[in-house]
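Note sheet for the following structure.
The values are calculated or read from the model by the stated rules, or taken from the named source; none is laboratory data. Computed from a prediction, not measured in an experiment: that's the story for all the values here. All Cβ positions, even for glycine, are placed from backbone atoms using ideal geometry, and neighbour counts span all protein chains on display.
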Amino acid sequence: MTDIKLRQQKIRNFSIIAHIDHGKSTLADRILEYTGALTSREMQEQVLDKMDLERERGITIKLQAVRLVYKADDGEEYLLNLIDTPGHVDFTYEVSRSLAACEGALLVVDAAQGIEAQTLANVYLALDNDLEILPVINKIDLPSADPERVKEEIEEVIGLDASEAVHASAKAGIGIKEILEQVVQKVPAPTGDPDQPLKALIFDSHYDPYKGVIVYVRVVDGHIKAGSKIKMMATDKVFEVIEVGAFKPRMTIVDELNVGDVGFIVAGIKHVGDTRVGDTVTDAKNPTTEPLPGYRKINPMVFCGLYPIESSDYNDLREALEKLQLNDASLSFEPETSSALGFGFRCGFLGLLHMDVIQERIEREFNIPLITTAPSVIYHVMLTNGELITIDNPSNYPEVGKIEYVEEPYVKAGIIVPNDFVGTVMELCQNKRGEFVNMEYLDTTRVTITYQIPLSEIVYDFFDQLKSSTKGYASFDYEISGYRKSNLVKMDILLNGEQVDALSFIVHREKAYHRGRVICEKLRELIPRQMFEVPIQASVGTKIIARETVKAMRKNVLAKCYGGDISRKRKLLEKQKEGKKRMKQVGSVEVPQEAFMAVLKIDDK
Amino acid sequence: MNDMTNNEGMPEQIIEAGSSAPKAIYIHIPFCTNKCFYCDFNSYVLKDQPVMDYLRALDHEMELTVRDAPPGEIRSIFVGGGTPTVLNPQEMEFFLASIRKHFPNFAADIEFSMEANPGTTDLEKLKVMHEGGVNRVSFGVQAFQNELLSGIGRIHNTVDVYRSLENAHKAGLHNLSIDLMFGLPNQTVEMLDYSVQKALELDLPHYSIYSLKVEENTLFHTLYKKNQLPLPDEEDELKMYLLLMQRMKEAGYRQYEISNFAKPGYESRHNITYWRNEDYYGFGAGAHGYVGHQRHMNIKGVNPYVEAASSRLPRLEQFVVPREEAMEDFMMVGLRMLDGIRDADFEAQFAVKLEDMFGSHLRKMLEAGLLERHEDGGGYRLSEKGLLFGNEVFAEFIDTLTEPK
């Protein structure tokens, strides 16, 4: 066997699948520590979750990769590539990207909580990708841990053999070696032929202001090194490789990337559009004929308007969206105009969390204060003239007289919950216009409840309500199940007598009255008092169905300002002014950011 | 921000940066007999405080300061607190003499004010004050209902008020002012009206009437957070303000600032220094000063201040106010005066035209009806409506030439 072949036999590419809070990031940290990729002194908690946002929320959004060297009990040194995956349902696309670059996956399940709905979805993805799945029962040191029950659950629900599942506690550093041994013994070495033309899968990329687009790849066949000419098969663009490297976990330049390796390529790629995640990189002089299968492209399901609060930030916002899209093919955007908010973008997301994350990243990383309008799904509207149109923005909703019928998307929602909460969950689903499909026992105490629910109801605060009504025990996953006819109307909101297009939303006719009333109340709370009275009205067509009033502010003046007060009073006024900057002038009314999302904060009873 | 921990290199800086020698002095006496529920000033309950050490530290701070930044002819001095009148007669005498020692050059018509609390001012002390140069006393009366006074943590009662004023007159102090407050817990519009009437019956040349603001780090703030502070609603608070302005006007007083009323010629010269954004010395624990484009704040604690002042200028922080920020400050404080600001004064201070710096903002405020032009077209002032929404106006000018801090 050649050296390269030998080396290939010692590579293991794997990822970790886990529900939020089940300890994935901590486990990843321990593995890094154990293999000496980082000394404990260098360790910053949860190295793989690089974004502030991820660390704050305890979730992984952007996938990361890291190369580790592990000396196994058999005396051999192995090269392990750990590719991190996001745990949330919105990021199925990202998960499928990282799984496609691996041969194995650790399935981490909390020893006290058992399998959750989202974990299940990701395990099925991994099984679809023919990955070797190694169950790990984590948090076994918790008093409430019940590893035997969880193992049974894994066997019954997923049908995996859990008899050799490692009992671990990432926090306490228990079971880390056993996990690594299993990775070495059970995860297959990458297949692939070093002598074939280069074939590498792009699973991610990021933009570096000095080096241009940095492409993350998994080499499937052949090899790649500095100086070689590469071609992107989807775009036909050719580049000369400037450097190749690996994540150790810091980006480190290496001589070449070989079969089975995970690493990065710098090739002076300036345009975001020239590389596509899921595309195949090949040798420009000796190209392969067959590209890799790539990914299932997932279409955005939730749309909202993103507007800069300062209209001068418009171009910066476009650049920010372009840069984010580089790493996130599921994000879509196109320009739109609102009479209330000016110029902005209609953006498509995989789900609400995705939307939240993008919005926060734009505000934090690009420092552009934003107004986000309430999310909308895509409606199919059949017009009386026989034309079928799709609507993702309520302000484009046609006049009632021109509509033959409207269809809205439904999802099949699976909710896993302890059986005490079955009644609560069913009541919630019923309230959200859900249709019961079935109920199955996972074990003696936990059930899966399946419902057909309109996606628009999920997009509103379904998840929050589910969590609060089940004390956080429920987990939830959904997939689009098709379109159905629905009796929908468009609700408009008027501030100070003027209709605010950005506040319009589409709602089921039977819920219109209630929603209208609650949203007016919510807006009354959110809109600060102005120097005049502001009426808030909700209307369907020309009919006003609810009204509230924001009373006028009567007096606002600092009584004292002497020598010692000047700096302090100045700061106070600055604060007041900062608050105002985060508001949008709509007609004569100053409206805070949150008001445009008010429709989300409604608690349907 | 330039944190001055020693005074090396300081003197030249101050003198060079200064345009003219300060003519106003603020001195802080941080002691009180007790702490009022709404007070967030730098003050310490008197018991066991090193008062004489403090007065000596003040003396040294003045000495160091005038050595570095010599004064002009002093036109106003304001001694505030705390309660300066908690000093006993001997301490008072020492204190006033030390001012005189470092600032011998008083203008003939100097305004020398001291804050006082009714109940801390016997005849003997008032005489010492008068002999030491004080010629104006400002009494913190706040209200003429004893139940309201105890509800805000004041220890005096209305009897003390009358006796103190009588003593002041006896001591030869006739330029007197009193502070009143409105928007107090449990205060009604009628109660405020009664207090204003009682105050006017005293026929003093000057009144300050403040709206209560619940400041952080006060007992009131804690109660407010717990929803246990029965403040009048905003509608009543507004009524009180409108009513008191009317009463003062009817009685022949001119409102010359948002909270200040005076008979012609009795406007507080010292406070106008602040509102014109002019220089002033600031001495004492936690005191602020503005000398030669530099603002400073002194160390707040009594003992740390005393210790620091023994060897150096006791600064907590000190920084140069950038020209643009000073322009914004000029607007923020200047428009508090009902006479507002004059284009010519702005130009004199900054050598640029007001219009060039703030033209669009001024027009916006004129259009909103919050500002109006002087009849001669030479300046701007708050309109009747602007008086109620002053913060909207002040904030308009802040952070327009500078970045928020």
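Residue under question is B:TYR256, and the condition is that it be within 13 Å of chain A (Cβ to nearest Cβ), under 15 Å from the mean Cα position of the chain (by Cα) and either of a type in the set (A, V, I, L, M) or under 30 Å from B:LYS23 (Cβ atoms) (or both); does it hold?
Criteria not met by B:TYR256.
What do you reckon, is A:TYR478 under 27 Å from the mean Cα position of the chain (by Cα), in a loop (DSSP other than H, G, I, E, B) and modelled with pLDDT under 95?
No, not satisfied.
Would you list the strands (runs of 3 or more DSSP E) that sit entirely within region A:242-344 and hold 3 or more residues that are without any contact (Cβ under 8 Å) to a residue 12 or more places away in the chain?
Correct list: A:251-254.
Restricting the search to region A:516-544, which residues are without any contact (Cβ under 8 Å) to a residue 24 or more places away in the chain, part of a helix (DSSP H, G or I) and over 28 Å from A:GLN576 (Cα atoms)?
none
Given the structure, is A:ILE224 modelled with pLDDT under 90 and among the hydrophobic types (A, V, I, L, M, F, W, C)?
no
Looking at region A:157-200, which of the residues that are outside any helix (DSSP H, G or I) and charged (D, E, K, R) is farthest from A:LYS10 (Cα to Cα)?
Result: A:LYS171.
Going residue by residue through region B:293-311, is there one that turns out to be closer than 27 Å to B:HIS270 by Cβ, surrounded by 22 or more Cβ atoms within 10 Å (Cβ to Cβ) and of a type in the set (Phe, Trp, Tyr)?
yes
Can you give me the number of residues within region B:345-365 that are surrounded by 12 or more Cβ atoms within 10 Å (Cβ to Cβ), part of a helix (DSSP H, G or I) and aliphatic (A, V, I, L, M)?
Summing the residues that are surrounded by 12 or more Cβ atoms within 10 Å (Cβ to Cβ), part of a helix (DSSP H, G or I) and aliphatic (A, V, I, L, M) in region B:345-365 gives 4.
State which residue is nearest to B:ARG323 (Cα to Cα) when the search covers only region B:352-370 and only residues that are within 14 Å of another protein chain (Cβ to nearest Cβ) and of a type outside the set (Gly, Ala, Ser).
Filtering region B:352-370 for residues that are within 14 Å of another protein chain (Cβ to nearest Cβ) and of a type outside the set (Gly, Ala, Ser), the one nearest to B:ARG323 (Cα to Cα) comes out as B:HIS361.
When you scan region B:86-100, do you find a residue that is at pLDDT below 95, part of a helix (DSSP H, G or I) and crowded, with 18+ Cβ neighbours inside 10 Å, even just one?
yes
Please verify whether B:ASP179 is acidic (Asp, Glu), farther than 27 Å from B:GLU73 by Cβ and in contact with a strand residue (DSSP E or B) (Cβ under 8 Å, 6 or more places away or on another chain), treating the condition exactly as stated.
Spelling it out, B:ASP179 is indeed acidic (Asp, Glu), farther than 27 Å from B:GLU73 by Cβ and in contact with a strand residue (DSSP E or B) (Cβ under 8 Å, 6 or more places away or on another chain).
Taking into account only those residues within region B:259-275 that are in a helix (DSSP H, G or I) and of a type in the set (Ser, Thr, Tyr), which is nearest to the other protein chains (Cβ to nearest Cβ)?
B:TYR274
In region B:331-351, what residues are without any contact (Cβ under 8 Å) to a residue 24 or more places away in the chain and either within 14 Å of another protein chain (Cβ to nearest Cβ) or touching a helix residue (DSSP H, G or I) at 6+ places or on another chain (Cβ under 8 Å) (or both)?
Within region B:331-351, B:PHE346, B:GLU347 meet the criteria.
Of the residues B:THR218, B:THR158, B:THR222, which single one is closer than 22 Å to B:ASP40 by Cα, modelled with pLDDT under 95 and either surrounded by 15 or more Cβ atoms within 10 Å (Cβ to Cβ) or among the hydrophobic types (A, V, I, L, M, F, W, C) (or both)?
B:THR218
Does B:GLU328 count as within 14 Å of chain A (Cβ to nearest Cβ), assigned to a helix (DSSP H, G or I), over 26 Å from B:LEU55 (Cα atoms) and under 20 Å from the mean Cα position of the chain (by Cα)?
Judged against the criteria, B:GLU328 is a match.
Six or more apart or on different chains, Cβ under 6 Å: which pairs go from a residue in region B:196-214 that's free of Cβ contacts under 8 Å to residues at least 40 places away in the same chain and more than 14 Å from chain A (Cβ to nearest Cβ) to one that's outside any loop (DSSP other than H, G, I, E, B) and among the small types (Gly, Ala, Ser)? Could you list them?
none
So for region A:293-310 (the condition being among the acidic types (Asp, Glu) and modelled with pLDDT of 95 or more), does at least one residue qualify?
Among the residues of region A:293-310, not one is among the acidic types (Asp, Glu) and modelled with pLDDT of 95 or more, which makes the answer no.
Quick one: which of A:GLU574, A:GLU594 is within 14 Å of chain B (Cβ to nearest Cβ) and either assigned to a helix (DSSP H, G or I) or under 29 Å from the mean Cα position of the chain (by Cα) (or both)?
Going through A:GLU574, A:GLU594 in turn, the sole match is A:GLU574.
From (1) part of a helix (DSSP H, G or I); (2) β-branched (Val, Ile, Thr); (3) within 12 Å of chain B (Cβ to nearest Cβ), pick out the condition that doesn't hold for A:VAL557.
(1) is the only condition that A:VAL557 fails.
Would you pick out the residues in region A:470-488 that are farther than 30 Å from A:ASP420 by Cβ and either without any contact (Cβ under 8 Å) to a residue 12 or more places away in the chain or crowded, with 20+ Cβ neighbours inside 10 Å (or both)?
A:LEU488 - this is the single residue of region A:470-488 that is farther than 30 Å from A:ASP420 by Cβ and either without any contact (Cβ under 8 Å) to a residue 12 or more places away in the chain or crowded, with 20+ Cβ neighbours inside 10 Å (or both).
Could you tell me how many of the residues in region B:371-398 are more than 24 Å from the chain's Cα centre (by Cα) and at the interface with another protein chain (Cβ under 9 Å from one of its Cβ atoms)?
1
Select from region B:299-322 the residues that are within 18 Å of B:ILE29 (Cβ to Cβ) and touching a Leu at 6+ places or on another chain (Cβ under 6 Å) and list them in ascending order.
Across region B:299-322, the qualifying residue is only B:ILE299.
So which residues in region B:276-291 are outside any strand (DSSP E or B), surrounded by 20 or more Cβ atoms within 10 Å (Cβ to Cβ) and more than 8 Å from every other protein chain (Cβ to nearest Cβ), if there are any at all?
Residues satisfying the conditions are B:ASN277, B:ASP279, B:GLY284, B:ALA285.
Does A:SER539 satisfy the criteria of being in contact with a Leu (Cβ under 8 Å, 6 or more places away or on another chain), more than 14 Å from chain B (Cβ to nearest Cβ) and buried (at least 16 other Cβ atoms within 10 Å of the Cβ)?
yes
For B:SER211, are the conditions met, namely being closer than 27 Å to B:LEU123 by Cβ, buried (at least 16 other Cβ atoms within 10 Å of the Cβ) and assigned by TED's automatic domain parsing to the domain that holds B:VAL45?
Here the answer is no, as B:SER211 does not meet what is asked.
Which of the residues spanning region B:230-253 are away from every other protein chain (no Cβ under 13 Å) and buried (at least 20 other Cβ atoms within 10 Å of the Cβ)?
Correct list: B:MET248, B:TYR253.
With respect to A:GLY564, is the statement that it is within 12 Å of chain B (Cβ to nearest Cβ), crowded, with 17+ Cβ neighbours inside 10 Å and either among the hydrophobic types (A, V, I, L, M, F, W, C) or outside any loop (DSSP other than H, G, I, E, B) (or both) true?
Yes; evaluated as a whole, the condition is true for this residue.
State all residues of region B:22-66 that are free of Cβ contacts under 8 Å to residues at least 60 places away in the same chain and of a type in the set (Gly, Ala, Ser); if no residue qualifies, say none.
Across region B:22-66, the qualifying residue is only B:SER43.
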